[in-house]
Structures are given as C-alpha cells and as structure tokens.
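The values are calculated or read from the model by the stated rules, or taken from the named source; none is laboratory data. The structure displayed is predicted, hence computed values, not measured ones. Using ideal geometry, Cβ is built from the backbone for each residue, glycine included, and neighbour counts are taken over all protein chains shown. What goes into the accessible areas is simple: the full protein's heavy atoms, side chains included, and nothing from ligands, DNA or RNA. Shrake-Rupley method; radii C 1.70, N 1.55, O 1.52, S 1.80 Å.
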Amino acid sequence: MSMSTTAFGTVFAPTMSLATFEDGEFSAVQVVPSDEIGLSPAAHVLHYASTCFEGLKAHKGDDGTLRIFRMHRHAQRMQRTAERLHFPVPTEDLFVELVTTIVKEHRDLAPDPPGSLYIRPTMIGTEPNIGAAASPSRTGMLYVLLSPVGDYFAGGLRPLSLLVETETPRTTPQFGMVKSGANYIMALGPTLEAKASYAVDQILFCLDHVVTETGAANFLLLDDERVITPVLTDAFLHGVTRESILVIARELGYAVEERTVTLDETLEWVGRDGAEAALSGTAAVLAPVGSLVHEGRRLTVGSGEAGPNVVRLRQALVDVHRGRADDRHGWTTPV
Ligand SMILES: *Cc1c(COP(=O)(O)O)cnc(C)c1O
C-alpha cells in the first residue's frame, strides 16, 4: 500500500493508539479510527490549552527494517511536559506501548528512504468544564497519530534564512522547554510578520541578545573543529536531535561547546570563512542556515551554502537512523 507524502502532516494512518485518563488513572491501550475524536465543545483543551505533543520518527533501513529513533528519550520528554501541564504523567512503558502498537500495525505505510514515518503522540484535557480555568482537566486522552512523510529537503539541502529577534520572546520563560500547543500559536504572529517583511524562513529568538532557538528547531554554530550551541535552560526546547548531534560530533572529534551563546559572537562568527550554522529537529534533522537578517541587514553565513560539517554530521545521524552505522548508544528500536 502506498500513500501520498506530498504535504507534510496531512496524511495519516487510518487508525491510532489511544489511552484515556480519568482522575490520574490511564486506561488500557486501544486502537481506534484516527479520523475523529468525540469532544465536548466545552473541553478543557479548547478553552485552556491543556495540550502537549511529541514528534519522533521511524525510519526504514536499506535492509527493510523499520527503526524508531530514540523512543525512550521522547517518552521522558513527554513526561516532563505532562508534569509542567499538570497532566497525569504517563509511564515510559505506556508511551512505548502506544507508539510500538500503532507503528507495528502500520509498518507497511513507512515510506522507503529518504521518507519516514512521523509519529505524533498527543495529550489533551477533555473535561467538559469551562469553569476549570484554574484547575487541571480531570479527564483526557493520550493518542498516537502516524503520518508518512517525504524527505524534508526533497529538492536538496536548501540553506535557510533567519530573522534575528531580540525583543519578542518565543514563549514565556516557564514554558520554553515544553512541547505545548500554546507555544506555537504565540510564535505564529511574529513568524508570519518576519516572513512577510523579510522573506525569511524562521525567527531566531535572541531575547536580551542571548541566542536560544527558532520556532521549532535548535540552533548550532559549526566549523571544521567546533560545534557550539546554547546550553540547556528552561527557556528553550531540549531537542533530541540536538543531543544526538552533539554526541556524534564528540565522537567525530569536534570540540563541543554547550554554553551561553551571545548574539554578538554569533554575528561575528557567521562572517568568518568556513563558518557554518544549522538548525536541528526531528523534521529536518540538521538544516543549514545560509543567512541571518539583523537590524534590516542580511548577513551571509560563511559561503551561504550548506557547509561540509553540516552535511557530514547530518549524514552521520541519518546513517544511524537507517541502520547503516553502528547503533552504539541503543538509540533505535527495531519494530
Ligand atoms: C520539537 C522542537 C525542537 C526540536 O526537537 P527534536 O527533539 O530535535 O525534534 C526544537 N524546538 C522546538 C520549539 C520544538 O518544538
């Protein structure tokens, strides 16, 4: 069976796995149709944004084996997010059961390389109570959607352009590190404005002239020797791709620096010969950044093209996804 993978995120497997919760207790895992859910118009999620999600992928290898990448790490991040949202915290086992059940069911929907099966665990509060603005939803559900996706860079590694934003934050300080819907709607206005005014792809949020990340990806500076990236704080999302790239970079002999990265040093860095910058995330893996727009001026990053270090690190991670390289850290789960 083949499905169109043209528009990212619009094609879904016909069923999904689901566990409901009530007063902190989760139900057994069921498999249900994925085209609709019953929800009261008064549901907590629709009024008070009690929602969070994860995003991970299963990749088919050249050997035909389907491997889920870093499922346990994503489970742990969803646990942290659920905690911050005052949801009941799903056990790692429940998360794993939900993900593996549905991936096994739809193994045949996984596209051949370079496509993959995108996995979207989603948690929402369903209590029909508009008086519950200041209390957690007593009821809710955790479900896992699957979406076959093509290569993010189907037409080649196109370098991205970023607008440097120093005044508007992406989200609030206490929500920077959670994958919750409210964050993305908060970043939407500034992002649309940046796209319209400067024809950039994304915003690089640098409140107080300290670099954090874009709307949905982490930021790295690279050259032949070094990989530099902001040290983890509550202000931004702790990307699993970021973490994986840093492990691989160390193994390949790069000096990895996780520390405060100022906007000033970033602007200085990108002007140098051999400088590279990149965004990391599950969707695009590692994407080259070709230019930054700062105070109305467009600064080219190094050559402006995808640099050799971005290409090398990206390929090294893709090789683990696809089972071409040794999985030294137990990152992949064959299903
Ligand atoms: C999902 C996401 C990332 C990337 O995380 P990965 O685990 O690498 O996919 C980075 N920033 C934000 C805001 C995100 O939502």
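Annotations for the structure displayed:
- Residue within the range 287-307 that is touching a Ser or Thr at 6+ places or on another chain (Cβ under 7 Å) and within 16 Å of the ligand (Cβ to nearest atom) present: no
- Scanning the range 307-327 for residues being within 19 Å of the chain's Cα centre (by Cα), of a type in the set (A, V, I, L, M, F, W, C) and more than 11 Å from H59 (Cα to Cα) gives a total of 4.
- Of all residues in the range 200-230 being in a loop (DSSP other than H, G, I, E, B) and within 15 Å of the ligand (Cβ to nearest atom), the one that is most open to solvent (accessible area, probe 1.4 Å): A216
- When the criteria are applied in full, R120 fails the requirement of being closer than 19 Å to G239 by Cβ and over 16 Å from the mean Cα position of the chain (by Cα).
- Which listed residue is within 23 Å of V318 (Cβ to Cβ) and of a type in the set (A, V, I, L, M), from I245, I203, I185: I245
- Subset of the range 58-90 that is free of Cβ contacts under 8 Å to residues at least 24 places away in the same chain and away from the ligand (no atom under 16 Å from the Cβ) - its residue that is least open to solvent (accessible area, probe 1.4 Å): G64
- Qualifying residues in the range 150-189 (those that are among the acidic types (D, E) and open to solvent by 40 Å² or more (accessible area, probe 1.4 Å)) - the one farthest from the ligand (Cβ to nearest atom): E167
- Residue match in the range 259-273 (condition: more than 20 Å from T166 (Cβ to Cβ) and more than 23 Å from the chain's Cα centre (by Cα)): yes
- Qualifying residue in the range 140-149 (condition: touching a residue at least 12 places away in the same chain (Cβ under 8 Å), polar (S, T, N, Q), away from the ligand (no atom under 16 Å from the Cβ) and not in a loop (DSSP other than H, G, I, E, B)): no
- Of the residues making up the range 310-335, those that are open to solvent by 10 Å² or more (accessible area, probe 1.4 Å) and part of a helix (DSSP H, G or I) are V311, R312, R314, Q315, A316, V318, D319, V320, H321.
- Test for A283: is it closer than 30 Å to D112 by Cα, within 16 Å of the ligand (Cβ to nearest atom) and either open to solvent by 10 Å² or more (accessible area, probe 1.4 Å) or not in a strand (DSSP E or B) (or both): yes
- Whichever residue in the range 261-280 is in a strand (DSSP E or B) and either open to solvent by less than 50 Å² (accessible area, probe 1.4 Å) or within 16 Å of the ligand (Cβ to nearest atom) (or both) and, among such residues, is nearest to K57 (Cα to Cα): S280
- Residue list for the range 231-260, restricted to those being open to solvent by less than 20 Å² (accessible area, probe 1.4 Å) and within 15 Å of the ligand (Cβ to nearest atom): F236, L237, G239, V240, T241, R242, S244, I245, L246, I248, A249
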